[in-house]
């Protein structure tokens, strides 16, 4: 037992050393990230649609990334398919895009084999004004023959291209508000021309093999300068369809709490989730590998500092940990040690200890990330830091981190 306590004391010391070092231990961080990726790869969303159908706009809306970042982030995985990890360092989701649909001489067999083997969710993207998306239908028919139980989200995009022009040319047609397409009688609220296009597309896809539903989501994602409000029209409906089609928890992974308006905090959220899930995966490994958890936590704090246009230094680490207080250091070891003590119980303890280790490691990492956002946000604004508020952010983060890790375990089972 004394050796066990010594291990956890050493782990706390490693955390302090890791956070106090101006540069991350790249070797330890890479080892931890590789272990996490090997044991639990990120869920894969397959985007199927013609060029210029709005696939990139959907990725941008779901991730909050800029078009430039998405364009630079996709990398080829076949001759006509590419993949985008988000966030790149600790992906919480991967997007597969098939690029050759509709091109002369395009053979979809290689793409289908790759995508159907990896995908957890299929989103078909069709422009609302596309009257006969035959290449998309052909690939989808092949997929549904092999996977008749796959639900499919069908995004009908670029709605504004089919809006009726007003009589006054100085006016721009706008979105129909409130969003009407959740209602059974949505056609009565939509202009006849647009309604006819949307219904024709649904009829075009009506005789697909398989009994799983097609979840239709009309949407229109534009740039603010285009003048349409809201710019991400139908986004909430898309999230609902995604959660209905696949229980992956993508919304919790990618979207911060609705009450968070700070752009930095919203951008930081998926990074916090990614590092927390990685820490949870590593935390479920044998005790000796838990030394990698501090490397992940240090990597997260350095990454967050970069997002806030700052640098994590030994001085900022000392200030941050000092503001969290002595109770943080004691609680850090106690929560993680619970996993080690439970593992002393034969058979049952091996599984329960892994669950506790995953939850504790991931939740603490999540809490550190949220507290760091509170700390870095005040530093970025040049304002003083309230220790009470920082500790509350950490406590709130622990609760939300536990929820995130438990939801992951409920979907996938213990590591």
Query raised in the report: Somewhere in the stretch 90-105, is a residue in a helix (DSSP H, G or I), out of contact with any helix residue (DSSP H, G or I) (no Cβ under 6 Å at 6 or more places or on another chain) and modelled with pLDDT under 90?
Result: no
Report task. Output the residue which, of all residues in the stretch 298-327 that are assigned to a loop (DSSP other than H, G, I, E, B) and modelled with pLDDT of 90 or more, is surrounded by the most Cβ atoms within 10 Å (Cβ to Cβ). Result -> 308
**Report entry** Qualifying positions in the stretch 67-86 - touching a helix residue (DSSP H, G or I) at 6+ places or on another chain (Cβ under 8 Å) and over 20 Å from residue 253 (Cβ atoms)
**Finding:** 67, 71, 77, 78, 79, 80, 81
**Report entry** Hey, residue 166 in a loop (DSSP other than H, G, I, E, B), over 17 Å from residue 82 (Cβ atoms), more than 25 Å from the chain's Cα centre (by Cα) and modelled with pLDDT of 90 or more or not
**Finding:** no
Report task. Collect the residues in the stretch 241-254 that are in contact (Cβ under 8 Å) with a residue 40 or more places away in the chain and on the phi < 0 side of the Ramachandran plot, keeping them in residue-number order. Result -> 241, 242, 244, 245, 246, 247, 248, 250, 252, 253, 254
**Report entry** Flag for residue 112 being within 26 Å of the chain's Cα centre (by Cα) and in contact (Cβ under 8 Å) with a residue 24 or more places away in the chain
**Finding:** yes
Query raised in the report: Which residue out of 154, 139 is touching a helix residue (DSSP H, G or I) at 6+ places or on another chain (Cβ under 7 Å), within 14 Å of residue 53 (Cβ to Cβ) and assigned by TED's automatic domain parsing to the domain that holds residue 96?
Result: 139
Query - Single condition residue 279 does not satisfy, out of (1) touching a helix residue (DSSP H, G or I) at 6+ places or on another chain (Cβ under 6 Å); (2) assigned to a helix (DSSP H, G or I); (3) crowded, with 20+ Cβ neighbours inside 10 Å; (4) modelled with pLDDT of 95 or more - result: (4)
Query - Any hit, the stretch 328-341, residues being at pLDDT 90 or above and in a helix (DSSP H, G or I) - result: no
Query raised in the report: Looking only at the stretch 205-221, which residues are out of contact with any helix residue (DSSP H, G or I) (no Cβ under 7 Å at 6 or more places or on another chain) and either surrounded by 16 or more Cβ atoms within 10 Å (Cβ to Cβ) or modelled with pLDDT of 95 or more (or both)?
Result: 214
Requested in this report: Go through (1) assigned to a helix (DSSP H, G or I); (2) buried (at least 16 other Cβ atoms within 10 Å of the Cβ) one by one and return the number of the condition residue 117 breaks.
Outcome: (2)
Report summary line: Here the residues within the stretch 196-213 that are more than 15 Å from residue 140 (Cα to Cα) and free of Cβ contacts under 8 Å to residues at least 40 places away in the same chain are 196, 199
Requested in this report: Specify the residue that is surrounded by the fewest Cβ atoms within 10 Å (Cβ to Cβ); the eligible residues are those in the stretch 62-99 that are farther than 27 Å from residue 279 by Cα and touching a residue at least 24 places away in the same chain (Cβ under 8 Å).
Outcome: 79
Report summary line: Log entry, pairs with first residue in the stretch 184-195 being assigned by TED's automatic domain parsing to the domain that holds residue 219, second being at pLDDT below 90 and in a helix (DSSP H, G or I), beta carbons closer than 6 Å, six or more apart or on different chains, reads 194/162
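The values are calculated or read from the model by the stated rules, or taken from the named source; none is laboratory data. Only a predicted model underlies this, so the values are computations on that prediction, with no experimental measurement involved. Cβ: placed from backbone, ideal geometry, glycine included. Neighbour counts: every protein chain shown.
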